[in-house]
Amino acid sequence: MAGKNRIEINKATNKELFLSIRSANNKKIVHSETYKNRQSVNKAIKVLEKIIKNPEVVDKTKKKAS
């Protein structure tokens, strides 16, 4: 069963944010430049959603509740 294409929001070592694009088989396709704020990340995601059909957006910067 194939998964969905994903856009992952990650935090760089310099505390800025960047995006990773992963294919349905979990292979990393590309990662973006870094962004200084969440607003810029959201704009980039809107653009990518026009190119990538129905992606799952995963925010890896938020801690999971234990």
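A few remarks follow.
- By average C-beta atoms within 10 angstrom, highest first, the peptides 27-37, 9-19: 9-19, 27-37
- Residues with amide H under 5 Å from that of TYR35, placed H, sequence gap 5 or more: LEU17, PHE18
- A simple rule links phi to the HN-Hα coupling: the Karplus curve 6.51 cos²θ - 1.76 cosθ + 1.60 with θ = phi - 60°, which for region 28-38 gives 6, 8, 6, 10, 8, 5, 8, 10, 7, 9, 5 Hz, with x for Gly and Pro.
- Placed amide H near VAL57: partners under 5 Å, 5+ positions off or other chain: ILE7
- Two-decimal log10 I(q)/I(0) for region 6-59, as the Debye equation yields it once each C-alpha is a single scatterer, q = 0.16, 0.19, 0.22, 0.25 Å⁻¹: -0.42, -0.59, -0.78, -0.99
- Remark: spin-label model distance SER20-LYS46 equals 2.6 nm, labels positioned 7 Å along the Cα→Cβ axis.
FYI, it's all coordinate maths here, none of it is from the lab. If you're wondering where the values come from, they're calculated on a predicted model, not measured in any experiment. A quick note on method: Cβ atoms are made from the backbone with ideal geometry, for glycine too, and the neighbour counts reach across all protein chains shown.
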